[in-house]
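In what follows, a single structure is set out as structure tokens and then discussed.
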Amino acid sequence: MPVPSPSPTGPAGGTRRRRRGPRTWLATLPLLVFTGLCFGLPVAALLYGAVTGTDPATGATRMTGEHLQRSLQGPYLGSLVGSVQLSALTAVIGSVAGVLIAQAVVTSRRTWLRSAALTASGVLANFGGVPLAFAFIATAGISGVVTRLADLESLGWNLYSFTGLAVVYLYFLTPLMVLVIIPALDGLRPQWREAAQNTGATGWQFWRLVGLPVLAPSLLGGFVLLFGSAFAAHATAAALVGGSVPLVTLKIADALSGNVLVGQENVALALSLDMIVIAGLVMAVYLPLQRRSARWLR
Amino acid sequence: MAALTTTAQAPPAETRPAPEKAGVRRRRRRPRVWRGLVLGLAGLYFLVPLLASVVFTVHTPGRGVSFEAYTGILGAEGFTDSLLLSLGLAAATIALVLLLAVPALVAVRLGAPRLRPVVEVVCMLPLVVPPIALVTGITTVLRWGPEHLSRTPLYRTFMAVQDENFPLVLVLAYTVLALPFVYRSLDAGLRAIDVPTLVEAARNCGASWAYVILRVILPNLRTALAGAAFLTLALVLGEFTIAALLGYQPFAVWIVTVSGAQARMSVAVSVLSLLITWALLLLLSRAGNGTRPAKSAATLAAAPSSNKDQ
């Protein structure tokens with residue numbers, strides 16, 4: 001039992017150490033049992049339901065790829081593509097805007113600006129969901145304040161569309177990027193820049209050879225994180241557009257709650273499986289990157 | 001050198017190694033322009049919806065200013081019920097997630113280091129499953145109750161878990177959702193203290209295990225615990241997807257329900273919920289001694305997708 005510090009109290013310490021082994025192990029048991037029951041079981045049921053079907057006549061359950069196949073066709077495929085497009089677009093814009101804001105904050109000498117930006121980002125990155133949707137309805141919805149003041153409707157503006165949704169998503173994605181990237185920008189030591197300048201490097205060379213390689217894991221990690229957040233988002237879209245923009249989360253909710261055709265639930269399960277695969281890929285990229293970028297940050 | 005270091009973003013043509021005074025001044029002017037532009041645009045984008053929401057709630061075109069939207073909230077039907085339900089769910093979730101995570105995380109540091117990767121993976125896995133996917137799995141499992149288990153004692157458990165007045169199933173689901181954030185917060189807190197040494201020292205002084213946990217470990221984790229509790233609270237108060245699809249009506253679901261009839265009030269509640277989040281965040285940043293506000297603000301959302309929109 002690798003207890004880091006030796007116990008100085010002879011035989012008594014020995015018994016304690018022997019007893020502590022199994023006891024400490026037991027302390028993780030509630031957590032493992034809980035996740036097994038409340039997370040593992042639903043996910044297993046989801047996977048099982050996505051690849052099996054019950055024959056309504058005989059009641060027999062058999063393996064089938066039918067649901068997965070249907071989830072990758074027609075309107076379902078359209079919703080997956082729509083979700084990926086929206087997530088990719090907002091993640092790109094959010095990343096760029098987030099980096100620009102973070103760099104402006106980091107290079108500023110005003111410390112109040114920095115702490116205000118961090119606090120605001122912390123709040124706004126958590127300001128997703130239903131309240132955000134309503135704030136934007138009040139701002140740029142049909143009878144929104146800005147819509148009326150700036151006569152946005154004559155400009156072809158529509159909040160309840162793909163573009164409108166992107167504008168709303170950026171409201172919590174951009175602060176998220178600011179939070180992720182500020183530590184990385186702090187990690188760029190001024191000394192590196194000075195060293196580069198002293199050896200005759202231009203600013204462009206510094207960014208190409210030092211700055212961007214060091215930032216790259218954080219940048220990519222931040223992008224992937226934004227993508228994942230936008231991809232999994234449901235509440236904002238549900239409160240805002242209902243069903244007018246094809247998104248996979250809305251389709252799943254429809255299939256689950258709507259009194260739709262029999263067998264539709266299994267398509268919802270298959271769509272969920274598709275989502276898990278995409279989100280899993282996202283996390284498989286994000287987590288190692290985050291660990292790698294942590295090397296440069298203290 | 002100090003002047004040099006502040007101009008990290010100077011355009012290439014102007015970066016020369018000679019730190020003369022004139023050069024420094026010239027270099028700093030252009031960053032200031034783009035910095036002002038970026039911060040100005042960002043400020044505009046992030047402030048306008050907030051201001052517009054407030055204007056929307058207090059000003060009706062043609063009828064002038066009134067605060068009815070705010071004063072009407074307390075008396076609105078379902079408001080107190082849904083808010084109390086959300087707060088109760090949040091309290092139960094915080095208690096459950098901390099009871100599960102704190103012993104496990106302390107244990108892997110004390111005597112079961114080989115379980116550490118297991119615990120980490122188990123805690124982070126919920127990130128891979130979007131809430132809407134989790135809820136499809138949960139509905140599938142819940143359907144087993146009436147379909148397969150109606151003649152077993154488990155059936156009663158299934159029914160109790162779905163009690164209208166206090167849906168435990170939501171507490172269980174929220175605990176799963178909160179695990180990654182709680183894990184990160186606690187892990188960071190535990191990393192900052194040397195758990196084995198603290199425990200050895202306290203034990204050698206004759207402290208009981210209960211004393212060690214309650215009076216030595218937990219006080220050292222105060223900031224991390226507050227952070228974990230806050231993230232969980234924010235998550236539960238804003239959670240919509242799982243509750244709506246399982247058919248319960250906590251706070252976030254109530255706002256959507258009421259929005260159809262009373263648009264102004266739903267916006268007013270949204271504004272209030274932002275203010276409350278802000279206040280909680282400020283409180284949290286003061287909860288731990290010696291923690292700079294900016295730092296704890298960063299840890300709040302440093303975990304992936306801690307936003308409520310899921």
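Assorted remarks:
- Scan of the range A:139-157 for residues that are more than 15 Å from B:R264 (Cβ to Cβ) and either in contact with a Pro (Cβ under 8 Å, 6 or more places away or on another chain) or assigned to a helix (DSSP H, G or I) (or both), ordered by number: A:A140, A:V146, A:T147, A:L149, A:A150, A:L152, A:E153, A:S154, A:L155
- Scoring B:A261 on the criteria (1) more than 8 Å from chain A (Cβ to nearest Cβ); (2) part of a helix (DSSP H, G or I); (3) farther than 14 Å from B:V171 by Cα leaves a single failure, condition (2).
- Count of residues meeting criterion [surrounded by 14 or more Cβ atoms within 10 Å (Cβ to Cβ), in a helix (DSSP H, G or I) and within 25 Å of the chain's Cα centre (by Cα)] in the range B:69-80: 1
- Residues in the range A:229-264 that are modelled with pLDDT under 80 and in a helix (DSSP H, G or I): A:S257, A:Q264.
- Taking the criterion of being of a type outside the set (G, A, S) and in contact with a Ser or Thr (Cβ under 6 Å, 6 or more places away or on another chain), the only residue of the range B:32-76 that qualifies is B:P49.
- Scanning the range B:204-223 for residues that are free of Cβ contacts under 8 Å to residues at least 60 places away in the same chain and either touching a Ser or Thr at 6+ places or on another chain (Cβ under 8 Å) or of a type in the set (S, T, Y) (or both) yields a total of 3.
- Boolean, B:S86 is surrounded by 23 or more Cβ atoms within 10 Å (Cβ to Cβ) and more than 7 Å from chain A (Cβ to nearest Cβ): yes
- Test for A:W192: is it at pLDDT below 90 and closer than 29 Å to B:H59 by Cα: no
- Condition check for A:F136: in a loop (DSSP other than H, G, I, E, B) and under 30 Å from A:A268 (Cβ atoms): no
- Entry remark, the range A:176-211: residues being closer than 20 Å to A:L289 by Cβ and at the interface with chain B (Cβ under 8 Å from one of its Cβ atoms) number 6 in total.
- Within the range A:124-160, considering residues that are touching a residue at least 40 places away in the same chain (Cβ under 8 Å) and surrounded by fewer than 24 Cβ atoms within 10 Å (Cβ to Cβ), the one farthest from the other protein chains (Cβ to nearest Cβ): A:Y160
- Any hit, the range A:215-228, residues being under 31 Å from the mean Cα position of the chain (by Cα) and under 30 Å from B:V54 (Cβ atoms): yes
- Identification of helices (runs of 4 or more DSSP H) wholly contained in the range B:103-184 with 1 or more residues that are facing another protein chain (nearest Cβ under 7 Å) yields B:116-124, B:131-148.
- Screening A:V214, A:V277 for residues that are more than 9 Å from chain B (Cβ to nearest Cβ), outside any loop (DSSP other than H, G, I, E, B) and at pLDDT 85 or above leaves exactly one candidate, A:V277.
- Which numbered condition B:W209 fails, given (1) in contact with a Gly (Cβ under 6 Å, 6 or more places away or on another chain); (2) modelled with pLDDT under 85: (1)
The values are calculated or read from the model by the stated rules, or taken from the named source; none is laboratory data. Computed from a predicted structure; not experimentally measured. Ideal geometry is used to build each Cβ from the backbone, glycine not excepted, and the neighbour counts take in all protein chains shown.
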